[in-house]
Amino acid sequence: MNEVPPRLKLEILLLRKIVILLTLGAYSVNFLTSQDRDSCIIKPRNHKYASGHALRLKSKIFYLYLLLVVVYGATVFFIPSSNSTLNVYNISLYGLRLLDVTIFIPYALIWLAGFYGFARLKSYSSIIKRSNDGKQINRLANGVLLLALWLPVSSIVNNLFIFFSNSHPSMVPVGVIVSNYLNLALPLAGFILIGLGVRGLNGLTKLRPSFWVINGLVLSLILLSSGYGYLLSTVSDLGGVYHLHGSLVLTTLAVPYVFMWCVGVMATYGLYLYQKNVVGIVYRRSWRLLFLGVAATIILQVVLQYFSAFAVHLHDLSVEVVFIIAYLLLVLLSVGYILIARGAKTLQKIEEV
């Protein structure tokens, strides 16, 4: 009996993964839109408190999502792959395209959850815009939008630089530098807006954080930043990896990342305080989902940077292990977006009753 070639085995496995991902995608879309078919992205509510601007904004956000998906798909499927890429994965061109599909589908679904969460929060803030909470929740929603934009924008820019660097090798350092700062700027701005919104909400309720909890969080952040700094210091060619002088890597990348973790952790703790003290069981459950969603996204940022710093030492890491880790990180991100979307969806429903 003839043995099936390894490449064919891989392509069959990828086809099975695509079928599973498409099935999960169908369930995910149904989950987001089944309970009320007039979804705030696909078909906005005509609520008496929702302004016309908010309704137009929702449709614009939906078309922005579609545009990002189409552009990302073009950078993935229509840009020619180099022979070195095929050799690295030990795969045929057909198999590589199947592998691209297994990455494209989760990305598109995760982005949908992120934009859906923003649209729900934005719609909720427009409903209560005349209240004191409206301005703060609007800030929180804008922060979620920046988090939702982070992955699609950085992925598209990274793919474009890879394409141009194939014919212009001098573009490689520029692409690495731009991608690194883009991966920092969007989440950092998002967490700052979320932090400002949460601070405003807690200021309205006059909540005071626990002395011991704050000190515990500060100690944890010191340990995390120390570990991150140590990993970076052990990289033998730090400038070659980041295409920047070592001092610039530490001052313009490492330090801002630690600052982002601080802002994100404090915002998460602020949401925890708010959801514990908000009046009403249903309200409390909704805000708890938002708290858990933001917590998942900041945990992802910490894990992602630790993995990026640690991966430099793992030259012999197999492609399969890298993809497993990547999928796990995507799952964590999708959980965060889905929790934010569900919490905002419940809050909007409460106000519309």
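The values are calculated or read from the model by the stated rules, or taken from the named source; none is laboratory data. Computed from a predicted structure; not experimentally measured. Methodologically, a virtual Cβ is constructed for each residue, glycine included, from the backbone with ideal geometry; neighbour enumeration extends over all protein chains shown. For accessibility, only protein heavy atoms count, side chains too; no ligands or nucleic acids. Shrake-Rupley method; radii C 1.70, N 1.55, O 1.52, S 1.80 Å.
Per-structure values
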quantity: Odd one out for residue 247 among (1) of a type in the set (Gly, Ala, Ser); (2) buried (at least 21 other Cβ atoms within 10 Å of the Cβ); (3) over 18 Å from the mean Cα position of the chain (by Cα); calculated: (2)
quantity: Residue selected from the stretch 221-232 under the condition touching a residue at least 24 places away in the same chain (Cβ under 8 Å) and over 22 Å from the mean Cα position of the chain (by Cα), by the criterion least open to solvent (accessible area, probe 1.4 Å); calculated: 232
quantity: Condition check for residue 155: closer than 19 Å to residue 242 by Cα, out of contact with any His (no Cβ under 8 Å at 6 or more places or on another chain) and open to solvent by less than 40 Å² (accessible area, probe 1.4 Å); calculated: yes
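Table: residues versus (1) in a helix (DSSP H, G or I); (2) modelled with pLDDT of 90 or more; (3) more than 12 Å from the chain's Cα centre (by Cα).
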{"site": "151", "(1), (2), (3)": "yes, no, no"}
{"site": "154", "(1), (2), (3)": "yes, yes, no"}
{"site": "159", "(1), (2), (3)": "yes, no, yes"}
{"site": "169", "(1), (2), (3)": "no, no, yes"}
{"site": "177", "(1), (2), (3)": "yes, yes, yes"}
{"site": "194", "(1), (2), (3)": "yes, yes, yes"}
{"site": "197", "(1), (2), (3)": "yes, yes, yes"}
{"site": "200", "(1), (2), (3)": "yes, no, yes"}
{"site": "207", "(1), (2), (3)": "no, no, yes"}
